[in-house]
């Protein structure tokens, strides 16, 4: 695997959009060509090289390429958007829309990440060591279907609307989740190791949510369906619920007994 | 001075189709002087274009397209996901926009123009919200526009029909048309939308409309008479009762016997069977009835597979569709007048019902013998967005091209429709009639290349002998030239000049003065009669057509 | 001079039956509510701005426009904020400027009504015009809405008291239900006041939806007794035509747009049993007009970013407060809105550091903050145009007096002149 190393230098206060930071775009390119790729600062089109030092060597194919960003990229939006292969490693924080609509490959962030990461992703894997913003793995506004495949792991806490309208795939949260985790879920698995925020599973039609910690308050439109032993490879006792009955849903919500 | 120069064009060597003047594929030179077609002119003061190997025809006319107004915008609002991923950037010349099935106003104009269309008729203007439709007309460039007023569920209309007071009804229709600056009368599921206000349903022409003791048949009849008495340029434009339901072709046949009318998106009204299980096409029977009745015209409402948005003033229909699909649904009842709904829909080749629907539109176009009485539409965006017109043209002209789709879709299209047996391939002349001369004639607006006419025409890079669907679709997708009032607005499928089209409305007069009655009946509106009226100054490039 | 059928643009209810008399320097207003009457006094406001200002100093119109154009042209991510007490024509000009500059354009929904719109985008909104409620409704529900304090003539003109075509008895023919944690003025006159716990509307709606689908909800929910919940569900199910009006109480409580999404779905479900509609009580004058103009121009209702040359929308990302809070704006154009007065303190602090151009009728914090102030024209009195009522009924704003200066005819005209400067 070959590696391209980026180091942010003086990211402007109004932030930037850099969907070109993706193995699909970097593959087959020289360092000079990579530096010349577009990034967008407000209404101005700029060159990637103006804001990042670029080192290393690109591979021919995206699947053989790892992009490492060392430093604070919290004001850089859309890293790895639509990527299909390869790796993006961020040693620091990342901005909004990280890996939005990605279909393959892997993204790892050592810090925290802004909202809309993994929006409508259809494959690949995202790991966040820190906390995540809102709408991780969710659908865009108005669209019925969110994440359709792939895996998301958040080691810290997740924001609101985690996995909204997800159709398939797997999301795990090491810490707590915000409000409306798994809202409108139609399939897939969502595992929250800590506590789930209010209205977990609201509007879910199908799929599985597992909460290892506590749920402060269950929606009145979920019905208890008894105790089970072990769910999806997690051992021990859980209380199972079915919902969201407000939407004639048959989703399963398991809470550690 | 320079601008006038731009409206002077000589088109050399084009193969001209001008059905209203019986010109059918003749090589001719056309001269445009100050925006109008002339016999001859000083060529040194004109732009001369050689059209060798290209065809020339009047620009396209869409007789039925939901492209502007409250419901359309309700759809855009409901569906940000229809815009996202379908954005178009601004250029030095053009505005930006977005939307696949519901393009924004400017984008709508550009997309029509690049297909060679310059006139679109918005068929569903709720009277009380007509100002909104006009506001969007003003914002839709490239096109001439007209709007049809929704009157089939208007309480006052129904009351006058119940009172059997045709004279007052005529005056009321006249008042409404003049107040709203619209072009004609539209009825949508007459009586049925009103009834649904009480959660009741009307499925036949003889069902009783609650509260008023009248039937849809009586409403339709009153409106047909009204249109005739007022000498409106376009007859009653009707979205039939019972639309979208299996077995509804009988309602269609019965409605046709009532008098002159334009039956819109007939595809949705040509269904056989008693349920979705034995759903089938009855397009042949409907077309035969059209063939028999010279006073009836129809448009196709052709389905194209894929995702779209359905929008109609037939509010109960939208509610039912959303219940079938589980998709989100918006509705907008308009006090005393009308309703409207929006819900997304996806036509799938794998669905038996959708496959039959797809076939029916084509069957209608091929079974109706006279192309002057069947027009190409998709009931934009209900059966498909209008951007698919070139594909539909290609399906009609090339059997192999449509059979390819037939082979890919659910077997019901083969088993339950007559499409596989239809060998007819429409000629280019017939297409020109169906997409411009015919609808224009039915709207009583010009679409010919007569001397003295405004130069509204389209040039396509296609040989008149072309039979290959793929090439036909490509050619009609991007006009070599679109010329509007003498301006070259599109070249090689790209908009090169933005212009504002006009809005047509009718000025009507009646014998009976019902001013007092109008004020009395306005009691149940929540706005003042004075504020109801859309002033002509409000309309950009308005053209009033006096029916006197 | 007396002017009849004048259209008021203070709140979303947009009454169009106002009578305004100009006698000498005095303004007499009939039919308007207290809020409306105050608005019409704007014409004689002593704090009226009549001359352009640059850096607090009076300058001539051309200088001010040039300076404004320079500020906006130099920006990389300008934010254009168009208030709602103006015409849609003004808004369209503002949108055009934002598109041209590659900036962001936003309006009041971003501060208040946005969640209602976002609710529509998830669920759809089965709605109607206000007259349909007046003519047909036998059940009127105000959920998190208190019209007696927000839309003063709502009950008397549209929703509760007036005679309807099919409700000749007016109030006697209707039941009034109020769902609100507080005993509001509207709740005081209700036939049923469902006193839901604060921030628990979502739970209450969920319970009603589950009941409508044949499920049993065990006990009390959201502080509301089981019996009351069933009573509410029964009332809604069994009316002939029901209407629920939603207010900011719901849009701003915990759950935000999800509350609206759920309530819209609840109303959708009620249409299985009867006819039911939902109408957002949009608060500000022409909020609906902005949403309509923005949507027809861009496909999106508010908070639209044009920085990439085409429209993009994502509340939280391209919306005013979020952008300012993250520092992603480097200049502002504020039209017909006292934005500064409504911003959180940290945002105001950030706004201090960026150049601001504003179009304002009278002195206000926003004008004080602005590097360039262009005098505003009072819409609906000094200039004409279009306004949309909260139920999307378009109405004409009519000019009946001249503005006190001649360099511009309307805010629309001002923005058009500014646009011409930007282009040259």
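The values are calculated or read from the model by the stated rules, or taken from the named source; none is laboratory data. Being a predicted model, the structure only gives us computed values, none of them experimental. All Cβ positions, even for glycine, are placed from backbone atoms using ideal geometry, and neighbour counts span all protein chains on display.
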**Complete:** Matching residues in segment C:385-406 (within 13 Å of chain B (Cβ to nearest Cβ) and part of a loop (DSSP other than H, G, I, E, B)) number 7
**Request:** Could you check, for segment B:152-164, whether at least one of its residues is within 29 Å of residue B:436 (Cβ to Cβ) and either within 19 Å of the chain's Cα centre (by Cα) or within 12 Å of chain C (Cβ to nearest Cβ) (or both)?
**Result:** yes
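Residue by residue, here is whether (1) at the interface with chain C (Cβ under 7 Å from one of its Cβ atoms); (2) touching a strand residue (DSSP E or B) at 6+ places or on another chain (Cβ under 7 Å); (3) over 28 Å from residue C:390 (Cα atoms); (4) buried (at least 24 other Cβ atoms within 10 Å of the Cβ) holds:
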position	(1), (2), (3), (4)
B:72	no, yes, no, yes
B:79	no, yes, no, yes
B:84	no, no, no, no
B:88	yes, yes, yes, no
B:92	no, no, yes, no
B:100	no, no, no, no
B:104	yes, yes, no, yes
**Prompt:** Listed residues B:465, B:425, B:474; which is assigned to a loop (DSSP other than H, G, I, E, B) and within 24 Å of the chain's Cα centre (by Cα)?
**Reply:** B:425
**Message:** Return the pair list, or none, for Cβ contacts closer than 6 Å from residues in segment C:290-305 that are at the interface with chain B (Cβ under 7 Å from one of its Cβ atoms) and at positive phi to residues that are surrounded by 24 or more Cβ atoms within 10 Å (Cβ to Cβ) and in a strand (DSSP E or B), at least 6 apart or on different chains.
**Reply:** C:299/B:98
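Return yes when residue C:404 is surrounded by fewer than 19 Cβ atoms within 10 Å (Cβ to Cβ) and on the phi < 0 side of the Ramachandran plot and no when it is not.
yes
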**Request:** Using the structure shown, decide if residue C:210 is modelled with pLDDT of 95 or more, buried (at least 16 other Cβ atoms within 10 Å of the Cβ), away from chain A (no Cβ under 14 Å) and more than 21 Å from residue C:12 (Cβ to Cβ).
**Result:** no
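Listed here are the residues, each with its yes/no results for (1) in contact with a helix residue (DSSP H, G or I) (Cβ under 8 Å, 6 or more places away or on another chain); (2) farther than 28 Å from residue B:467 by Cβ; (3) at pLDDT below 95; (4) crowded, with 21+ Cβ neighbours inside 10 Å.
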position	(1), (2), (3), (4)
B:325	no, yes, no, no
B:340	yes, yes, no, yes
B:366	yes, no, no, yes
B:387	yes, no, no, no
B:405	yes, no, no, no
B:411	yes, no, no, no
B:418	yes, no, no, no
B:421	no, no, no, no
B:427	yes, no, no, no
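Here is a yes/no grid of residues against (1) touching a residue at least 60 places away in the same chain (Cβ under 8 Å); (2) closer than 30 Å to residue B:196 by Cα; (3) in the same structural domain as residue C:138 (by TED's automatic domain parsing):
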| residue | (1), (2), (3) |
| --- | --- |
| C:221 | no, no, yes |
| C:229 | no, yes, yes |
| C:241 | yes, yes, yes |
| C:254 | no, no, yes |
| C:273 | yes, yes, yes |
| C:323 | yes, no, no |
**Request:** Could you check how many residues of segment B:118-148 are out of contact with any helix residue (DSSP H, G or I) (no Cβ under 8 Å at 6 or more places or on another chain) and either at pLDDT below 95 or away from chain C (no Cβ under 14 Å) (or both)?
**Result:** 3
**Request:** Could you look through segment B:503-538, keep only residues that are over 23 Å from residue B:160 (Cβ atoms), surrounded by fewer than 18 Cβ atoms within 10 Å (Cβ to Cβ) and more than 9 Å from chain C (Cβ to nearest Cβ), and pick out the one that is nearest to the chain's Cα centre (by Cα)?
**Result:** B:536
**Fill in**
Flagged in segment B:225-272 as at positive phi and in contact with a helix residue (DSSP H, G or I) (Cβ under 9 Å, 6 or more places away or on another chain), in numbering order, are B:242, B:244, B:259, B:265
**Hits in segment C:345-370 (condition: touching a helix residue (DSSP H, G or I) at 6+ places or on another chain (Cβ under 7 Å), in a loop (DSSP other than H, G, I, E, B) and more than 22 Å from residue C:46 (Cα to Cα))** = C:355
**Request:** Test residue A:46 against the criterion of being touching a strand residue (DSSP E or B) at 6+ places or on another chain (Cβ under 7 Å), within 14 Å of chain C (Cβ to nearest Cβ) and closer than 22 Å to residue A:133 by Cα, and give yes or no.
**Result:** no
**Prompt:** Which condition number in (1) more than 7 Å from every other protein chain (Cβ to nearest Cβ); (2) in contact (Cβ under 8 Å) with a residue 60 or more places away in the chain; (3) touching a strand residue (DSSP E or B) at 6+ places or on another chain (Cβ under 6 Å); (4) more than 30 Å from residue B:91 (Cβ to Cβ) is the one that residue C:284 fails?
**Reply:** (3)
**Residues within segment C:237-265 that are within 12 Å of another protein chain (Cβ to nearest Cβ), farther than 10 Å from residue C:126 by Cα and part of a helix (DSSP H, G or I), tallied** = 8
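If a residue must be more than 20 Å from the chain's Cα centre (by Cα) and either buried (at least 24 other Cβ atoms within 10 Å of the Cβ) or within 30 Å of residue B:263 (Cα to Cα) (or both), how many such residues does segment B:433-459 contain?
Of the residues in that region, 6 qualify.
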**Request:** Quickly run through segment C:332-362 and pick out the residues that are surrounded by fewer than 23 Cβ atoms within 10 Å (Cβ to Cβ) and under 19 Å from residue C:317 (Cα atoms).
**Result:** C:343, C:344, C:346, C:347, C:348, C:350, C:351
**Request:** Of the conditions (1) more than 9 Å from every other protein chain (Cβ to nearest Cβ); (2) assigned to a loop (DSSP other than H, G, I, E, B); (3) more than 21 Å from the chain's Cα centre (by Cα), residue C:273 clears all except one; give me its number.
**Result:** (1)
**Residue in segment C:302-322 that is surrounded by 24 or more Cβ atoms within 10 Å (Cβ to Cβ) and part of a helix (DSSP H, G or I) present** = yes
**Request:** Keeping to segment B:310-339, report how many residues are closer than 30 Å to residue B:524 by Cα, in contact with a strand residue (DSSP E or B) (Cβ under 6 Å, 6 or more places away or on another chain), more than 10 Å from chain C (Cβ to nearest Cβ) and not in a strand (DSSP E or B).
**Result:** 2
